[in-house]
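Comments concern the structure below.
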């Protein structure tokens with residue numbers, strides 16, 4: 001038994017002598033990322049936000065070892081990204097990868113658009129399916145961009161998309177006159193009256209339930225997620241603050257006509273704005289009324305609903321006194337509400353009145 005134990009001990013020592021302990025300086029700890037060319041702005045003077053303008057940068061990066069040294073043993077490709085906002089644009093020499101040789105990557109060309117607020121450029125060693133990465137990460141110094149206004153969030157040539165859909169955003173309302181124009185059971189409508197026109201100047205803030213806010217309140221701050229609900233742009237999960245003691249005159253509803261409702265871009269510009277239509281004809285009802293309280297009206301000057309380019313939907317809330325059922329073919333003197341959109345509806349755009357006084361059969365809306 002004693003001979004066996006001695007033999008086993010000799011084997012353990014022999015095996016142990018074949019294992020080399022890896023030094024702590026043998027691995028990448030992080031990357032040092034430097035912006036060598038390109039505008040960075042400052043907290044006091046941020047760069048202008050633009051959904052389309054490209055901001056070009058040249059980067060230099062170094063792989064850093066556990067002891068702070070340049071890790072020259074590292075060569076290969078790493079991933080570049082920006083955050084928490086912004087989009088990397090490829091092509092014409094621009095890249096989304098940093099190629100390292102002997103621990104260094106120089107002259108990395110990138111272009112960024114859609115950035116707002118402070119952002120940073122990230123380099124990550126995620127590896128590949130074949131070769132696992134070290135998951136070392138490095139970030140640049142901050143680049144400061146101005147937060148977008150409502151108009152910049154809403155402006156688009158695609159009625160179903162926002163320029164910064166999916167982004168978490170702080171809306172630029174400071175020093176502006178962003179007023180609550182309407183309140184519903186799950187949110188409120190706002191318009192930036194500082195703008196020279198109504199185009200793209202309104203948006204809906206979705207609060208999930210009845211918001212603690214009143215029509216006429218002016219916002220001091222607003223943040224949330226830019227979401228598209230079937231083509232209708234919303235600020236969801238909002239955090240907002242009222243500018244107490246500040247008052248703003250509510251904008252007058254935008255008058256709709258048959259030419260306007262025939263153009264989706266024109267209606268997109270009015271999304272969430274207060275609108276009004278006069279002398280419209282109630283169209284025959286379809287299944288959308290029973291399912292969704294949606295019914296169509298024609299803005300044609302003559303009775304009938306044969307010209308679909310002159311139709312718009314009306315979305316009446318639950319409990320609304322007026323019903324189009326039994327009123328098909330009659331003329332409504334005035335209908336007022338807020339412009340909404342739903343890509344599955346026909347037509348997609350709709351007037352959403354909030355109270356009974358927003359509709360009148362024979363006189364002006366209240």
task: Determine if region 125-132 includes at least one residue that is modelled with pLDDT of 95 or more, touching a strand residue (DSSP E or B) at 6+ places or on another chain (Cβ under 9 Å), closer than 13 Å to residue 31 by Cα and not assigned by TED's automatic domain parsing to the domain that holds residue 221.
output: no
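A quick yes/no check of all residues on (1) touching a helix residue (DSSP H, G or I) at 6+ places or on another chain (Cβ under 8 Å); (2) within 18 Å of residue 250 (Cα to Cα); (3) modelled with pLDDT of 95 or more; (4) assigned by TED's automatic domain parsing to the domain that holds residue 270:
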residue	(1), (2), (3), (4)
164	yes, no, no, no
178	yes, yes, yes, no
218	no, yes, yes, no
224	no, no, yes, no
228	no, no, no, no
query: Taking region 230-253 only, how many residues are in a strand (DSSP E or B) and touching a residue at least 60 places away in the same chain (Cβ under 8 Å)?
result: 3
Selection from region 324-351 of residues that are within 18 Å of residue 290 (Cβ to Cβ), loosely packed, with under 15 Cβ neighbours inside 10 Å and either in contact (Cβ under 8 Å) with a residue 40 or more places away in the chain or in contact with a strand residue (DSSP E or B) (Cβ under 9 Å, 6 or more places away or on another chain) (or both): 325, 327, 328, 344, 346
task: Please tell me if residue 259 is without any contact (Cβ under 8 Å) to a residue 40 or more places away in the chain and either surrounded by fewer than 21 Cβ atoms within 10 Å (Cβ to Cβ) or not assigned by TED's automatic domain parsing to the domain that holds residue 222 (or both).
output: yes
Matching residues, region 182-195, being under 21 Å from the mean Cα position of the chain (by Cα) and surrounded by 19 or more Cβ atoms within 10 Å (Cβ to Cβ): 187, 188, 189, 190, 191, 192
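Please indicate, with yes or no, whether at least one residue in region 298-317 is touching a residue at least 60 places away in the same chain (Cβ under 8 Å), closer than 24 Å to residue 344 by Cβ and not assigned by TED's automatic domain parsing to the domain that holds residue 163. Give the derivation first.
Taking region 298-317 first, the residues touching a residue at least 60 places away in the same chain (Cβ under 8 Å) are 317.
Still in the running and closer than 24 Å to residue 344 by Cβ: 317.
Restricting the remaining residues to those that are not assigned by TED's automatic domain parsing to the domain that holds residue 163 gives 317.
So far as region 298-317 goes, yes, one or more of its residues are touching a residue at least 60 places away in the same chain (Cβ under 8 Å), closer than 24 Å to residue 344 by Cβ and not assigned by TED's automatic domain parsing to the domain that holds residue 163.
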task: Report yes if residue 174 is closer than 20 Å to residue 245 by Cβ, free of Cβ contacts under 8 Å to residues at least 60 places away in the same chain and surrounded by fewer than 18 Cβ atoms within 10 Å (Cβ to Cβ), otherwise no.
output: yes
Complete set of residues in region 356-366 that are in contact (Cβ under 8 Å) with a residue 12 or more places away in the chain and surrounded by fewer than 21 Cβ atoms within 10 Å (Cβ to Cβ): 356, 360, 361, 362, 363, 364, 365
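When you look at residue 27, is it modelled with pLDDT under 95 and in contact with a strand residue (DSSP E or B) (Cβ under 9 Å, 6 or more places away or on another chain), yes or no?
In short, yes.
Quick check on region 321-330. Is at least one of its residues in the same structural domain as residue 264 (by TED's automatic domain parsing) and either modelled with pLDDT under 90 or assigned to a strand (DSSP E or B) (or both)?
Going through region 321-330, the residues in the same structural domain as residue 264 (by TED's automatic domain parsing) turn out to be 321-330.
Still in the running and either modelled with pLDDT under 90 or assigned to a strand (DSSP E or B) (or both): none.
Scanning region 321-330 turns up no residue that is in the same structural domain as residue 264 (by TED's automatic domain parsing) and either modelled with pLDDT under 90 or assigned to a strand (DSSP E or B) (or both).
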message: So for region 279-288 (the condition being closer than 16 Å to residue 198 by Cα, modelled with pLDDT of 95 or more and buried (at least 22 other Cβ atoms within 10 Å of the Cβ)), does at least one residue qualify?
response: no
task: Please go through region 331-366 and pick out each residue that is in a strand (DSSP E or B), within 33 Å of the chain's Cα centre (by Cα) and under 19 Å from residue 286 (Cβ atoms).
output: 335, 340, 341, 349, 350, 351, 352
- request: Just name the residue that is surrounded by the most Cβ atoms within 10 Å (Cβ to Cβ) out of those in region 196-221 that are touching a residue at least 40 places away in the same chain (Cβ under 8 Å) and over 18 Å from residue 247 (Cβ atoms).
  value: 202
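The values are calculated or read from the model by the stated rules, or taken from the named source; none is laboratory data. Model, not experiment: these values are computed from the prediction. Note: ideal-geometry Cβ built from the backbone for every residue, glycine included; neighbour counts use all protein chains shown.
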